[in-house]
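Here's the structure we're looking at; comments come further down.
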Amino acid sequence: MAPLFLKQNTPTNPEIHFMRKHLLILAALVPMIMTPAMADETKGGSISVVGMGIVEMAPDMAIVSAGVQSRSETAQAALAANNASMKALFDELEKAGIEKKDIQTANFNINPEIVYPKTNKQAPQIVGYIVNNQVSVNIRKLENVGSVLTALVDAGSNNMSGLQFDVSNKTELLAQARKAAIADARQKAQLYATELGVKIKRLTSLSESGGYRPQPMMMRAAKMEMMSADVPVAEGSMQISISVNTSWELAN
């Protein structure tokens, strides 16, 4: 009988090549897996602070909402009366030196005037119509604000509200507020870092928010003389405020 030879499960050359290839890939992946953990150990954390920049300014213009409300038994008659009063109002604004670009219609509506009975036995009745036409007026010379308000009333305006002050060109003021906000945020972050015994490495994020904070308007006179003289007004002062949310990376 011929001798029996048992075949050993010895890897062939292709199998050895396959195993070596996977070992090389695994060896290459190990440093990559360990890198984030090692990187975390070198980080010094971060600080998030809010910086605030405030710039005070004197307003150089005023904005007022003025208009005429008219009532009549018919919508046509109410509209005709309102149109006549608004024409007189526009003429008065032109005499006061207000340019057309500084006058803009803000609201116009016609509504029925309804009387509701005390009992349900009778139906509501329309007894007239109300027309309201409102414009927004930019007054670019503050010394004329009082006289313009008086002229509007004399022209027939019986619906005025929302007098406020503003600055016509805020570009440079906003830039100043932004610089002050960034400086404030940097100073705060540096203070925290010094107290913690670490150093600021770099700024990692910044977002901005801001707005206007006008001071309340005060009247120069405690009593108005029924429009016999110019309306007393005081422009006061205003503020532009910008806040920035910042995050700073720290180094050990």
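The values are calculated or read from the model by the stated rules, or taken from the named source; none is laboratory data. Since the model is a prediction, treat every value here as computed from it, not as a measurement. A quick note on method: Cβ atoms are made from the backbone with ideal geometry, for glycine too, and the neighbour counts reach across all protein chains shown.
Listed values, structure above:
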| read-out | value |
| --- | --- |
| Qualifying residue in region 69-87 (condition: farther than 18 Å from F165 by Cα, among the hydrophobic types (A, V, I, L, M, F, W, C) and assigned by TED's automatic domain parsing to the domain that holds I182) | no |
| Selection count, region 119-172, where residues are closer than 30 Å to I242 by Cα and either in a helix (DSSP H, G or I) or hydroxyl-bearing (S, T, Y) (or both) | 8 |
| Meets criteria (surrounded by fewer than 12 Cβ atoms within 10 Å (Cβ to Cβ) and either assigned by TED's automatic domain parsing to the domain that holds S85 or modelled with pLDDT under 90 (or both)) for Q122 | yes |
| So F90, is it in contact (Cβ under 8 Å) with a residue 12 or more places away in the chain, of a type in the set (F, W, Y) and touching a Gly at 6+ places or on another chain (Cβ under 9 Å) | no |
| Residues (surrounded by 12 or more Cβ atoms within 10 Å (Cβ to Cβ) and either in a strand (DSSP E or B) or touching a strand residue (DSSP E or B) at 6+ places or on another chain (Cβ under 6 Å) (or both)) located in region 191-203 | Y192, A193, V198, K199, I200, K201, L203 |
| R186 being assigned to a helix (DSSP H, G or I) and buried (at least 18 other Cβ atoms within 10 Å of the Cβ) | no |
| One residue from A106, A96 being out of contact with any helix residue (DSSP H, G or I) (no Cβ under 6 Å at 6 or more places or on another chain) and either free of Cβ contacts under 8 Å to residues at least 60 places away in the same chain or exposed (fewer than 11 other Cβ atoms within 10 Å of the Cβ) (or both) | A106 |
| Among the residues listed as V153, V135, the single one being within 27 Å of K95 (Cβ to Cβ), modelled with pLDDT of 95 or more and out of contact with any Pro (no Cβ under 6 Å at 6 or more places or on another chain) | V135 |
| Options V68, V115, V55, V49; residue that is modelled with pLDDT under 95 and buried (at least 18 other Cβ atoms within 10 Å of the Cβ) | V55 |
